[in-house]
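Before any comments, here is the structure.
Coordinate-derived values only; no laboratory data. Not measured: the values here are computed from a predicted model. Here the Cβ positions follow ideal geometry from the backbone for every residue, glycine too, while neighbour counts run over all protein chains shown.
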Amino acid sequence: MSTFARVLVERLRREPDAAALVLQFARQPERIVTVRGLLRAAAGWQRRLAENGIQPGEVVLLILQHGSDLVEAYFGCVLNGSIPAIMPFLTEKLLPERYRAELTALVDVTRPAAVVTYADFEPEVRAALGEETSVRRVMVADGAPDLPAEPDWESLPGLRRQPDDIALLQHSSGTTGLQKGVALSHRAVLRQLEVYAAALRLDPARDVIVSWLPLYHDMGLIASFLMPLLLGVKLVLMSPFDWVRAPYRLLQSISAHRGTLTWLPNFAYNFCAQKIRDRDLQAVDLSSLRGVINCSEPCRAESHAAFAARFAAWGLNPAALMTCYAMAENVFAVTQAGLDGPVRLDVIDRDALQIERVARPASGNGRAALTMVSNGRPLPNVAVRIVDAEGNELPERSVGEIALRSDCMLTEYYRRPDATEQAFLLGGWYRTGDLGYLAEGELYVSGRKKDLIIVGGKNIYPQDIEAAASQVPGVHPGRVVAFGLFDEAAGTEEVVLVAEVDAAGEGEREALAEAVRQAVTRSTAVALRQVRLVGPGWIIKTSSGKTARLANKERYLNEIVKGDA
Amino acid sequence: MDDTFSILSRHISTVILKQPNRKIRYDEALISSGLIDSFNLVDLALYVEDTFGVRIDDYELNADTFDTLDQLVELIHTRRE
């Protein structure tokens, strides 16, 4: 078993002049980076890290926009044997104070030795660190320093890492204080890549991966960044910031580089189908695509159908539409569907699912049915079972929590032994927190055990939203509930918030609703779809005083939505 | 000028924000405040193009090009001339 740095240096010896990476950013010329170019720049970063006293095994936090600095500094950490962790950059939506609090919390748990950021963001970072911080250096990205000569690769500290050393941290988006960094070893990541690449029949001679996904998320970091760069598959990398403003760029890039594989969260199928104009698809040819892989949100048959119909005239093969169930704790993929025939659909009885928690094939007789999209079979090194609350295995087609066991699991939640222990059942089974069922060997995901809301592939914790809304004067603190509602048109969930207030006048209420929206957006970067203000006593609490989100969501749907009709 | 303003204002409140009663002021920050989500920017650009025949390129969809309705109205008028 090898390590990242060893794999990279072997690739350098094998194909120094191969195009490793194509960087595409709005208003910049496309940049092709060879294996040699990438590793030379990374070696420049390695030298800087070493000169700054950053040791192998220490965490380096990267706070950079998507671009060459981020890519080069990431592999600089690898060559230094340090542990890279990417933190999302501040967006316009988020209040700087809020971002600072998140950064402080992350640093407190992760205890990085260095932070790499831009010169103009350095004061922000320093303000978040406090006096007794673990961070010894804040390093500024101002382009990779040139190296005078070919580095002595074998002497780099990254080459002396062991397979079971931690290679990287992935931070699951979470509430402050619950910040969990998934620590993955070289062995686990390389094992996942080996197995997943075989499942995909990944071929460096033929495949090209195109991605706009953020690198602080497993789908972007593993499937669409480390897998191609470590396994020698050409990668075309764009920025999520550019893609969301111009989704057609993804399709133009696929066409220009004969892209074969791309991973998308479910909402992106709807977004592309709805927001791309024909005029931006002139001469676009999507016939090279053999896998458009839906992952990280519940997969919807309607989203696939809309995408397939919209782009059929541009050569999209409907057989390219695939699904995958993945999580950072397993490095990435748990299951994959669609490589041997179309992704299966399972039409089941809705009431049986919701009431009996059984996925019974729909009988037809006028009963409401649901179409479930298969996530496919587990990868050969992963075992999946469905368990009840006590961890007992449930039979086929029973809905329960999805548990998995593999030889590519996380080492730990970094410096969080409490969280690590909680996540596992006896025998090394990891509890995913997702609900689903198995049928004929394939996994179907039906929901979440926790109240997590997934909007556009991003995990959102309702308690964060409720806490932000509770801060607004006029809202009864703690008498607020947030939950997700699926939006068919968008192909993803939207967030609804209900808050108890005393305000009675219409103008007063509108102003208050607006204040709530602003407070939530600025502190969580979530745009609320609906804010409903209700009178005191509306919100249902459990006997222990907790907000019962599901009960409140049902009450909302019953009273408010029906009242509107 | 007023017409462009009211058309845009109505579109933003009813279609983008889905709050028909929401009044949008001339000088209210739309992008830097997070009022218009990044997912909605492409909608706004397509609407401006369809309604006023003015194309806003994707790299212009940020608060440096326009942040308020005032600035957006001006951008549209300048490009139509």
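Just a few scattered comments:
- Across peptide B:32-43, the mean count of Cβ atoms from other chains lying within 10 Å of each residue's own Cβ comes to 6.
- Per-residue packing, averaged as other Cβ atoms within 10 Å, sorts the ranges A:213-223, A:237-247, A:359-369 into the order A:213-223, A:237-247, A:359-369, beginning with the highest.
- Estimated FRET transfer efficiency when R0 is 60 angstrom, pair A:I32-A:D502 (beta carbons, to 0.05): 0.45
- By the rule of a C-alpha distance below 24 Å, with chain neighbours fewer than 8 residues away ignored, the lysines paired with A:K93 are A:K180, A:K275, A:K458, B:K18, B:K23.
- For A:E494, nonlocal amide neighbours, meaning residues 5 or more places apart or on other chains whose placed amide H falls under 5 Å from its own, are A:L485, A:F486, A:D487.
- Nearby aspartates and glutamates by direct alpha-carbon distance to A:K234 (threshold 18 angstrom, same-chain neighbours under 8 apart not counted): A:E10, A:E15, A:D17, A:E30, A:E72, A:E194, A:D203, A:D207
- At most 15 other Cβ within 10 Å, DSSP loop - trypsin sites (Lys or Arg not before Pro), region A:102-168: A:R136
- Summing Cβ point charges (Lys, Arg +1; Asp, Glu -1) relative to the Cα centre of region A:339-448 gives a dipole of roughly 220 debye.
- Fraction of the pair-distance distribution of region A:339-448 above 19 Å, Cα-Cα pairs, percent: 49 percent
- Scalar couplings 3J(HN,Hα) for region B:47-53, obtained by applying the Karplus form with A = 6.51, B = -1.76, C = 1.60 to θ = phi - 60°, are 5, 4, 5, 5, 8, 10, x Hz; x denotes Gly and Pro.
- Cα-only Debye scattering, region A:4-108: base-10 log of I(q)/I(0) at q = 0.13 Å⁻¹: -0.57
- Look at where the Cα atoms of region A:359-410 and of region A:191-246 average out, and the two centres are 27 Å apart.
- Quotient of the Cα radius of gyration of the protein assembly as shown and 2.2 N^0.38 Å, N being its number of residues: 0.96.
- Whichever aspartates and glutamates have a C-alpha closer than 13 Å to that of A:K449, once near sequence neighbours (fewer than 8 apart) are set aside: A:D388, A:E401, A:D434
- Taking every C-alpha pair closer than 8 Å and separated by at least 6 residues, the mean separation divided by the residue count of region B:2-80 gives a relative contact order of 33 percent.
- Mean sequence separation of contacting Cα pairs (under 8 Å, at least six apart), scaled by the length of chain A, corresponds to a relative contact order of 11 percent.
- With contacts taken as Cα pairs under 8 Å at a separation of at least 6 residues, region A:339-448 carries a relative contact order of 25 percent.
- Expected 222 nm ellipticity per residue - DSSP helices of 4 or more, -39500 (n - 2.57), all of the protein assembly as shown, to 500: -9500 deg cm²/dmol
- Inter-chain neighbour count for A:236-247: the average number of beta-carbon atoms from partner chains within 10 Å of each residue's beta-carbon is 3.
- Over region A:453-564: Kirkwood hydrodynamic radius from C-alpha pairwise inverse distances, Å: 14.1 Å
- For region A:244-249, the Karplus equation 6.51 cos²θ - 1.76 cosθ + 1.60, evaluated at θ = phi - 60°, returns couplings of 5, 8, 8, x, 5, 4 Hz by residue, with Gly and Pro reported as x.
- Model label sites at A:I540 and A:N317, defined 7 Å from Cα along the beta-carbon direction, differ in position by 4.9 nm.
- Pairwise Cα distances in region B:2-80 exceed 23 Å for 7 percent of all pairs.
- Exposed trypsin sites (Lys or Arg not before Pro) absent - longest run of chain B, DSSP non-H/G/I/E/B, at most 14 other C-beta within 10 Å: B:26-54
- Distance-filtered residues of region B:42-81 - backbone nitrogen under 18 Å, label point 7 angstrom along B:D27 Cα→Cβ: B:66-75
- Amide proton proximity set for A:G376, modelled H, under 5 Å, gap of 5+: A:L443
- Couplings for region A:503-510, taken from phi via the Karplus curve 6.51 cos²θ - 1.76 cosθ + 1.60 with θ = phi - 60°, read 3, 10, x, 5, x, 5, 5, 4 Hz in order; Gly and Pro are left as x.
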